[in-house]
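K.L.:
Below are the structure tokens for one structure; questions will follow.
The values are calculated or read from the model by the stated rules, or taken from the named source; none is laboratory data. This structure is a prediction, so every number in the text was calculated from the model and none was measured. Neighbour counts run over all protein chains shown; Cβ positions are idealised from the backbone, glycine included. Calculation scope for accessible area: heavy atoms of the full protein, side chains included, ligands and nucleic acids excluded. Shrake-Rupley method; radii C 1.70, N 1.55, O 1.52, S 1.80 Å.
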Amino acid sequence: MNNAELYQKSNNLQKRDAIKFLEEFAPKLNWKKSNNRILDIGCGDGSVTNMLKQYIPVDFKLLGCDISEKMVNYANDHHCNEQTSFTVLDIEGDLPEGMKGNFDHVFSFYALHWIINQERAFRNIFNLLDYNGECFMIFVAGAPVFDVYRILAHNNKWSTWLQDVDRYISPYHDSQEPAKEIRAMAEKIGFVDIDVDCKDLVFVYEDVDILRKAMTAINPFKVPQELYEDFMDDYLEILKEMQLVDKINNNYGKTVPFNYRLLVVYARKPSQDKMLHLKSSKH
Ligand SMILES: C[S@@+](CC[C@H](N)C(=O)[O-])C[C@H]1O[C@@H](n2cnc3c(N)ncnc32)[C@H](O)[C@@H]1O
Ligand SMILES: CC(C)=CCC/C(C)=C/CC/C(C)=C/C(=O)O
């Protein structure tokens, strides 16, 4: 998952969804006239961070962050300029003091399903925002890829490399009402104007080879290189058993549609007055 070169060639699904939801939501955000301080969490190779610039006012400072140093280096090499830079940050870890309260807008695209401790990450996002700051995030609730990981983890051939499989399955994959869960968590943290939607979407891969590359680009497991093609063959066999890929002719010359559920989340940190008022009414 930290091969930026490969990821930027195979992230059509992620890019399509970032564009789709930015087009809908960016015009509705409360942009400042000047000096918009923006953070993109889980920026990866930086290509979506770069696209984000088309949807924000011209006066901005944009920081992308990612847990992977390799991704951050690639993003800095390809997309860094006077207004945009990238840094290493684990959104599930301790925040540097200097970043707290420093952002008017926090975005995150296709990253938060990688986080086990959701409350820690959402609390960190709250603390990164300045008063009245807004966050907008899209991430995967459920997808067949997570069922495939579970099945591979139970196969003796692959179990050694998939021992920590739960770490890489969206925390909402088995949830009946992920939007309700997220809303309750965001309310508990102190967010207001919360809007959470769980969308049923479809992405059509042009053929099995393209699908294979996309799955390799997001594969989090350290399967040895010499076994990797065999691993992907078994991966595809499972997709055939699940009737998601045709058994006949390896789906040759045919497109491969996949259904998945995507969480689309907006929330705002209250004003300073509102927060002081809430604090004093608690005592
Ligand atoms: C699928 S990529 C998404 C990249 C980009 N946002 C996009 O939409 O194309 C997910 C990214 O989240 C990063 N990530 C995973 N866990 C993270 C964490 N705890 N803190 C920050 N980034 C994390 C991964 O390193 C990876 O680069
Ligand atoms: C098995 C399969 C090909 C599923 C495709 C649908 C889908 C939503 C894939 C994205 C999964 C994911 C975890 C992406 C990411 O982290 O960027």
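K.L.:
How many residues does segment 3-44 hold that are away from ligand 2 (no atom under 12 Å from the Cβ), over 16 Å from VAL140 (Cα atoms) and in a loop (DSSP other than H, G, I, E, B)?
P.N.:
Within segment 3-44, residues that are away from ligand 2 (no atom under 12 Å from the Cβ), over 16 Å from VAL140 (Cα atoms) and in a loop (DSSP other than H, G, I, E, B) number 8.
K.L.:
With (1) more than 9 Å from ligand 1 (Cβ to nearest atom); (2) part of a helix (DSSP H, G or I) as the list, and PHE86 as the residue in question, which single condition is left unmet?
P.N.:
(2) is the only condition that PHE86 fails.
K.L.:
Find the residue count for segment 194-216, including only residues that are within 16 Å of the chain's Cα centre (by Cα) and closer than 30 Å to PHE126 by Cα.
P.N.:
Residues flagged as within 16 Å of the chain's Cα centre (by Cα) and closer than 30 Å to PHE126 by Cα within segment 194-216 amount to 5.
K.L.:
Would segment 52-72 turn up any residue that is charged (D, E, K, R), at pLDDT below 95 and surrounded by fewer than 17 Cβ atoms within 10 Å (Cβ to Cβ)?
P.N.:
no
K.L.:
Just checking, which of ILE125, ILE116 is open to solvent by 40 Å² or more (accessible area, probe 1.4 Å) and either under 30 Å from THR216 (Cα atoms) or touching a helix residue (DSSP H, G or I) at 6+ places or on another chain (Cβ under 6 Å) (or both)?
P.N.:
Of the residues listed, the single one that is open to solvent by 40 Å² or more (accessible area, probe 1.4 Å) and either under 30 Å from THR216 (Cα atoms) or touching a helix residue (DSSP H, G or I) at 6+ places or on another chain (Cβ under 6 Å) (or both) is ILE116.
K.L.:
Continuing with the same structure: Of the residues that sit in segment 209-224 and are in a helix (DSSP H, G or I) and within 16 Å of ligand 1 (Cβ to nearest atom), which one is surrounded by the fewest Cβ atoms within 10 Å (Cβ to Cβ)?
P.N.:
Filtering segment 209-224 for residues that are in a helix (DSSP H, G or I) and within 16 Å of ligand 1 (Cβ to nearest atom), the one surrounded by the fewest Cβ atoms within 10 Å (Cβ to Cβ) comes out as LYS213.
K.L.:
Right, another one. Can you name every residue in segment 120-156 that is assigned to a strand (DSSP E or B) and among the hydroxyl-bearing types (Ser, Thr, Tyr)?
P.N.:
Of everything in segment 120-156, just one residue is assigned to a strand (DSSP E or B) and among the hydroxyl-bearing types (Ser, Thr, Tyr), namely TYR131.
Matching residues to (1) over 21 Å from GLN14 (Cα atoms); (2) open to solvent by 60 Å² or more (accessible area, probe 1.4 Å):
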residue: MET185; (1), (2): yes, no
residue: ASP207; (1), (2): no, no
residue: GLU226; (1), (2): yes, yes
residue: GLU229; (1), (2): yes, yes
residue: LEU239; (1), (2): no, no
residue: LEU244; (1), (2): no, no
residue: VAL256; (1), (2): no, no
residue: LYS269; (1), (2): yes, no
residue: LYS282; (1), (2): yes, yes
